[in-house]
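Enquirer: Pasting a structure below so you can have a look.
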Amino acid sequence: MKNSQQKDSPRISVVLNTCNRGAYIGDTLRGLQRQSYDNFEVIVVNGPSIDNTEDVVKDFEVKYYTAPFNLSISRNIGIKHASGDIIAFIDDDAVPEANWLADLVKAYEDPKVAAAGGRVFNADGSGFQFSYGAIDVWGYPVTRDDKPYEYNDPAGDWFNVNIGTNASYRREPLIEVGGFDEEIEYYHDESDVCVRLIQAGYKVAQLENAYVHHKMAPSFRRKNSKKTVVWDAIVKNTIYFGLLNTAGKRPLHQRLSKPFLAERQKLSFPYKLFRSGDFTFGEGVSRYFALCRAFMRGYRRGFSGKRKLMQGYMYEPDTFLRYKKIQKPATVRHIVLVSQGFPPHQTDGIARYTGVLAKELSRLGHTVSVVSRALNENKKGTIQFIDGAWLYRHQPNKYLTRTTGYPRVDHQLAHARSVLATVRKIHDREKVDVVLAPLWDAEGLGLMVHKVAPTILTLMSPLKKVVETQWFNVDEPSYDITYELERECVVRADGIMAISDNIKHTIGELYNVDWRTLAARGAPTVTLPLGVGPEFITARKGWEVWAARQRYDAPVEILYVGRAERRKGTDVLLAALPKMLSEIPNARIKFVGDEDGKDEKGKSYFAEFRKKYSNQSWFKRVAFVGRVSDEDLADAYKACDIFVAPSRYESFGQIYIEAMAAGKPVVGTRAGGIPEVVQHEMNGFLIENENSEQLADYLIKLASDSKLRVKMGEASLRIAREKFAGDVLAKDFLKLVDQVIDVKESS
């Protein structure tokens, strides 16, 4: 729907009722910023939250109110402050697709429709939590049929309903029936409204689209999307709903017996939850008696026939506050990023950069989809919305066949097929303009061959270079096949993004690639370094505090980040530690990353180091902490005084710019793309490859001179901000995207 068509379109008030969902509500509000429909406001009713929900909401332009812990009261507060012709509700752990409001508003072209809702994907996006729903007079719903219901008869025994996380109402009929019944603090609140609207002579519409993705975040009522632990409100409100809607329609003995017989099984749930370890014995007993009270309250209040409907409504259309959406560029691109890992799971340098690029492209107003493999072999494909991007996790194993006879290559081909199938699925939903795929594992091979959309290849460490610098006694014929697959990706790409000049030169030599030939056939090739997001860049005030606390006697924290492996130079650093730690008594070092790397004899680097030096007095100043979360990693960068990574080869070195962004001096090697990041004697030092003596000397020099650390750290921060900030790199990447698309359209 075009903006010009929306000037006179219905005004919509989106009401977001929340409590303690600071970790989720930001994605909901970002999803609303990406609506194709323009004429709407957002109302957040919070309460009583004790987390950071209010702080998150303050970053968005919304109407904000507070409420007690009762969902129907919270919904009614939202209605009272709504200025729209239509009032829509979405949960604080749900994300709407871009056309959600545009699809909802179409239903109201029928003047008899007073409520409308669409379908809701379940927590992992692999199926529907709610498709089409109906409820009988006793309060028992069906929610996953394959076609809409037509239960809009005021005298019927079944009624159309929508789910509360994807529900909308025409304002005037909603006010006419009294809004939400505040006796229903949770569960059946939206169904009750739909039934009363139908009984008042209106229609409840069920839409095929208007999609919402519901994360089903945990709460005190449920541990996860599949395990409810507190059933009180569900029992009470089911009985209450049934007794209200069967009054005068069913005999008294049936109204007395049926609700109890239908709900009595829930009395055993506290015991089952105690047996499963979800409750202590005391909690189980308490929850059992709470359920007994719920039965009594449901009967007492249901037989009373008294509702607690909304009071004191006043319509103030002049307070309509149009929601501030993402400022979209003149041409909005749909960009797909392919990466085996993506924050907050399966993260490495490339995964973190993909997260930065996705976030920045989305912030600039583009549509971003990320294709990443499932978290484990048994998990099916999922869809989630994270930080402004749609994350599609795929399962390569479903495409695994015995193609080459080499298991490693067969898995690579399965991965490429799965990536291709996932991008095709995304393209079917919304046209993809361009794809960015990495060289590693030839993930984008299927895309290069079948051309779903123009595909840009990210040049990073090729397998041939990794084998050369990392592994021992290599005699594996499958590697030669992988080399050919990687080369095929390079020569078939529609554009090339080299993360350093060095990697372009390295791949040209190793794989016999003539870059001039590629350019002549219309494949733009540019060097674009990786970048870091704002969470890694130290705020100036924070960095000044760090600099001010440097003292000659303060502990000097040295940080290493990376897998324990030969290519990362783990052995070189370990060899430098005895001298450095002996000479600098206040120095400490922390190793962050996988610890299971082995040397040419198959022995663990760290285990052998412990065995040799654990009796030394300085050994207690060495810490091996393993993998950490991205948040803890950012904290580790900010807490350290010196960063070191003596890699034998890095195509670029994301870890160096992450440390630089934290304002730290960096020690690396004169290898690969590292000299394009670290400027020797300006923001750190570069050693000759494998020179542990030189490494020890530079670490000693930095550890013993706080003024030098401050000076180099300041240079690091300046370089990171000027050259490697994520927003700068996203804009440069978009220039490459435009080049690639222009070439394809003109050819």
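Enquirer: Of the conditions (1) buried (at least 22 other Cβ atoms within 10 Å of the Cβ); (2) touching a helix residue (DSSP H, G or I) at 6+ places or on another chain (Cβ under 6 Å), GLY26 fails just one. Which one is it?
Expert: For GLY26, the exception is condition (1).
Enquirer: Please list, ordered by first then second residue, the pairs with beta carbon atoms under 6 Å, 6 or more apart or interchain, first in region 77-93 and under 21 Å from HIS214 (Cβ atoms), second part of a loop (DSSP other than H, G, I, E, B) and among the basic types (Lys, Arg).
Expert: Pairs that qualify, where the first residue is under 21 Å from HIS214 (Cβ atoms) and the partner is part of a loop (DSSP other than H, G, I, E, B) and among the basic types (Lys, Arg), are ASP92/ARG21; ASP93/ARG21; ASP93/LYS215.
Enquirer: Still on this structure, I have one more. If a residue has to be open to solvent by 10 Å² or more (accessible area, probe 1.4 Å), within 26 Å of the chain's Cα centre (by Cα) and in contact (Cβ under 8 Å) with a residue 24 or more places away in the chain to count, how many in region 96-129 make the cut? Break it down stepwise before answering.
Expert: The first filter runs over region 96-129 and keeps only residues open to solvent by 10 Å² or more (accessible area, probe 1.4 Å), leaving 97-99, 103, 105-112, 119, 121-124, 126-129.
In the following step, the residues that additionally are within 26 Å of the chain's Cα centre (by Cα) were identified as 97-99, 103, 119, 121-124, 126-129.
Now restrict to residues that are in contact (Cβ under 8 Å) with a residue 24 or more places away in the chain: 97-99, 103, 119, 121-124, 126, 129.
Final tally of qualifying residues: 11.
Enquirer: Does ARG566 qualify as being surrounded by fewer than 19 Cβ atoms within 10 Å (Cβ to Cβ), of a type in the set (D, E, K, R) and at pLDDT below 95? Can you show your working first?
Expert: Details: surrounded by fewer than 19 Cβ atoms within 10 Å (Cβ to Cβ): no; of a type in the set (D, E, K, R): yes; at pLDDT below 95: yes.
So ARG566 does not fit the description; no.
Enquirer: Would you confirm whether any residue within region 508-522 is touching an Asp or Glu at 6+ places or on another chain (Cβ under 9 Å) and under 18 Å from VAL737 (Cβ atoms)?
Expert: Looking through region 508-522, at least one residue is touching an Asp or Glu at 6+ places or on another chain (Cβ under 9 Å) and under 18 Å from VAL737 (Cβ atoms).
Enquirer: Quick check: is even one residue across region 345-357 open to solvent by less than 20 Å² (accessible area, probe 1.4 Å), assigned to a loop (DSSP other than H, G, I, E, B), aliphatic (A, V, I, L, M) and at pLDDT below 90?
Expert: Within region 345-357 (the criterion being open to solvent by less than 20 Å² (accessible area, probe 1.4 Å), assigned to a loop (DSSP other than H, G, I, E, B), aliphatic (A, V, I, L, M) and at pLDDT below 90), the answer is no, since none of the residues qualifies.
Enquirer: For TYR211, only one of the following conditions fails: (1) more than 30 Å from PRO10 (Cβ to Cβ); (2) open to solvent by 10 Å² or more (accessible area, probe 1.4 Å). What is its number?
Expert: (1)
Enquirer: Mind listing just one residue for me: the one in region 36-60 that is touching a Lys or Arg at 6+ places or on another chain (Cβ under 7 Å) and not in a strand (DSSP E or B) and, of those, farthest from VAL105 (Cα to Cα)?
Expert: Among them, the one singled out is THR53.
Enquirer: Which of the residues spanning region 595-606 are loosely packed, with under 14 Cβ neighbours inside 10 Å and either acidic (Asp, Glu) or under 36 Å from the mean Cα position of the chain (by Cα) (or both)?
Expert: At the first step, the residues of region 595-606 found to be loosely packed, with under 14 Cβ neighbours inside 10 Å are 596, 600-603.
Passing the criteria: ASP596, GLU600.
Enquirer: Can you name the residue in region 173-224 that is in a loop (DSSP other than H, G, I, E, B) and basic (Lys, Arg) and is also nearest to ASN122 (Cα to Cα) among such residues? Please lay out each step first, then the result.
Expert: Filtering region 173-224 for residues in a loop (DSSP other than H, G, I, E, B) gives 177-188, 200-202, 207-211, 215-221.
Narrowing further to those that are basic (Lys, Arg): 215, 221.
Numbers: LYS215: 7, ARG221: 18 Å.
Among those that are in a loop (DSSP other than H, G, I, E, B) and basic (Lys, Arg), it is LYS215.
Enquirer: Consider ASP55 carefully, then state whether it is within 29 Å of ARG363 (Cβ to Cβ), open to solvent by less than 40 Å² (accessible area, probe 1.4 Å) and among the charged types (D, E, K, R). Break it down stepwise before answering.
Expert: Working: within 29 Å of ARG363 (Cβ to Cβ): yes; open to solvent by less than 40 Å² (accessible area, probe 1.4 Å): no; among the charged types (D, E, K, R): yes.
So ASP55 does not fit the description; no.
Enquirer: For region 704-742, which positions are more than 29 Å from ARG333 (Cβ to Cβ), open to solvent by 50 Å² or more (accessible area, probe 1.4 Å) and part of a helix (DSSP H, G or I)?
Expert: LYS707, LYS711, GLU714, ARG718
Enquirer: Of the residues that sit in region 358-377 and are open to solvent by less than 20 Å² (accessible area, probe 1.4 Å), out of contact with any helix residue (DSSP H, G or I) (no Cβ under 6 Å at 6 or more places or on another chain) and of a type in the set (Ser, Thr, Tyr), which one is farthest from LEU337 (Cα to Cα)?
Expert: Per the criteria, the residue is SER362.
Enquirer: Out of (1) crowded, with 21+ Cβ neighbours inside 10 Å; (2) outside any strand (DSSP E or B); (3) hydroxyl-bearing (Ser, Thr, Tyr), what's the single condition that is false for SER13?
Expert: Checking SER13 against (1) crowded, with 21+ Cβ neighbours inside 10 Å; (2) outside any strand (DSSP E or B); (3) hydroxyl-bearing (Ser, Thr, Tyr), the one that fails is (2).
Enquirer: Sticking with this one: Can you tell me which residues in region 507-528 are touching a Pro at 6+ places or on another chain (Cβ under 7 Å) and crowded, with 20+ Cβ neighbours inside 10 Å?
Expert: Hit for region 507-528 is ILE507, nothing else.
Enquirer: Counting only residues that are part of a loop (DSSP other than H, G, I, E, B), at pLDDT below 95 and of a type outside the set (Gly, Ala, Ser), how many does region 283-333 have?
Expert: If we filter region 283-333 for residues that are part of a loop (DSSP other than H, G, I, E, B), which is where we start, we get 305-316, 320-321, 323-333.
Filter once more, so that each one left must be at pLDDT below 95: 305-306, 311-316, 324-332.
Still in the list and also of a type outside the set (Gly, Ala, Ser): 306, 311, 313-316, 324-329, 331-332.
Number of matching residues: 14.
Enquirer: Considering (1) aromatic (Phe, Trp, Tyr); (2) within 23 Å of the chain's Cα centre (by Cα); (3) more than 23 Å from ALA389 (Cβ to Cβ), say which one TYR24 fails and leave the rest.
Expert: Unmet condition: (3).
Enquirer: Taking LYS611 and the conditions (1) under 20 Å from ASP594 (Cα atoms); (2) modelled with pLDDT under 95; (3) open to solvent by less than 20 Å² (accessible area, probe 1.4 Å), which numbered condition does it fall short on, given that it satisfies the others?
Expert: Only one criterion is unmet by LYS611, namely (3).
Enquirer: If you scan region 226-282, which residues turn out to be open to solvent by 50 Å² or more (accessible area, probe 1.4 Å) and either within 13 Å of ARG297 (Cα to Cα) or not in a helix (DSSP H, G or I) (or both)?
Expert: LYS226, LYS227, TRP231, ALA247, GLY248, LYS249, ARG250, PRO251, PHE260, SER276, GLY277, THR280
Enquirer: Is there a residue in region 137-147 that is farther than 30 Å from PRO259 by Cα, touching a strand residue (DSSP E or B) at 6+ places or on another chain (Cβ under 7 Å) and not in a loop (DSSP other than H, G, I, E, B)? Don't jump to the end; show me each part of the working.
Expert: If we filter region 137-147 for residues that are farther than 30 Å from PRO259 by Cα, which is where we start, we get none.
Taking every residue of region 137-147 in turn, none turns out to be farther than 30 Å from PRO259 by Cα, touching a strand residue (DSSP E or B) at 6+ places or on another chain (Cβ under 7 Å) and not in a loop (DSSP other than H, G, I, E, B).
Enquirer: Cβ-Cβ distance below 9 Å, separation of 6 or more or different chains: which pairs start in region 307-335 with a residue that is at positive phi and end on one that is at pLDDT 95 or above?
Expert: Cβ pairs passing all conditions: GLY312/LYS80.
Enquirer: Could you please let me know if GLY522 is small (Gly, Ala, Ser), touching a helix residue (DSSP H, G or I) at 6+ places or on another chain (Cβ under 6 Å), more than 24 Å from GLU650 (Cβ to Cβ) and in a helix (DSSP H, G or I)?
Expert: On the way: small (Gly, Ala, Ser): yes; touching a helix residue (DSSP H, G or I) at 6+ places or on another chain (Cβ under 6 Å): yes; more than 24 Å from GLU650 (Cβ to Cβ): yes; in a helix (DSSP H, G or I): no.
No.
Enquirer: Out of everything in region 378-387 that is touching a residue at least 12 places away in the same chain (Cβ under 8 Å) and farther than 21 Å from LEU361 by Cα, what residue ends up being least open to solvent (accessible area, probe 1.4 Å)?
Expert: Per the stated criteria, the residue is THR382.
Enquirer: Evaluate the following for ASN76: is it open to solvent by 30 Å² or more (accessible area, probe 1.4 Å), over 26 Å from TYR392 (Cα atoms), outside any strand (DSSP E or B) and of a type in the set (S, T, N, Q)?
Expert: So ASN76 does not fit the description; no.
Enquirer: Among the numbered criteria (1) surrounded by fewer than 20 Cβ atoms within 10 Å (Cβ to Cβ); (2) over 30 Å from THR367 (Cα atoms); (3) not charged (D, E, K, R), which one does PHE60 miss?
Expert: For PHE60, the failing item is (2).
Enquirer: So TRP390 fits all but one of (1) more than 18 Å from THR455 (Cα to Cα); (2) loosely packed, with under 15 Cβ neighbours inside 10 Å; what number is the exception?
Expert: (2)
Enquirer: Then there is this: Going through region 222-252 one residue at a time, which ones are among the charged types (D, E, K, R) and in contact with a strand residue (DSSP E or B) (Cβ under 6 Å, 6 or more places away or on another chain)? It would help to see each step written out before you state the result.
Expert: First, pick out the residues of region 222-252 that are among the charged types (D, E, K, R): 222-223, 226-227, 232, 236, 249-250.
Residue satisfying the conditions is ARG222 alone.
Enquirer: Hey, does region 169-181 have a residue that's in contact with an Asp or Glu (Cβ under 8 Å, 6 or more places away or on another chain), buried (at least 19 other Cβ atoms within 10 Å of the Cβ), of a type in the set (Phe, Trp, Tyr) and in contact (Cβ under 8 Å) with a residue 24 or more places away in the chain?
Expert: Going through region 169-181, the residues in contact with an Asp or Glu (Cβ under 8 Å, 6 or more places away or on another chain) turn out to be 170-171, 180-181.
Keeping just the survivors that are buried (at least 19 other Cβ atoms within 10 Å of the Cβ) gives 170-171, 180-181.
Cutting the leftovers down to of a type in the set (Phe, Trp, Tyr) gives us 180.
If we keep only those that are in contact (Cβ under 8 Å) with a residue 24 or more places away in the chain as well, we get 180.
Scanning region 169-181 turns up at least one residue that is in contact with an Asp or Glu (Cβ under 8 Å, 6 or more places away or on another chain), buried (at least 19 other Cβ atoms within 10 Å of the Cβ), of a type in the set (Phe, Trp, Tyr) and in contact (Cβ under 8 Å) with a residue 24 or more places away in the chain.
Enquirer: Oh, and also: Looking at region 686-695 only, could you name the residues that are at pLDDT 95 or above and surrounded by fewer than 23 Cβ atoms within 10 Å (Cβ to Cβ)? Lay out the reasoning, then the answer.
Expert: So in region 686-695, the residues at pLDDT 95 or above come out as 686-688, 691-695.
Scanning region 686-695 gives LEU686, GLU688, ASN691, SER692, GLU693, GLN694.
The values are calculated or read from the model by the stated rules, or taken from the named source; none is laboratory data. This is a predicted model, so every value here is computed, not measured. Heads up, the Cβs are rebuilt from the backbone with ideal geometry, glycines too, and the neighbour counts pull from every protein chain shown. For the accessible areas, the whole protein counts, side chains as well, though only heavy atoms, and no ligand, DNA or RNA atoms are used. Shrake-Rupley method; radii C 1.70, N 1.55, O 1.52, S 1.80 Å.
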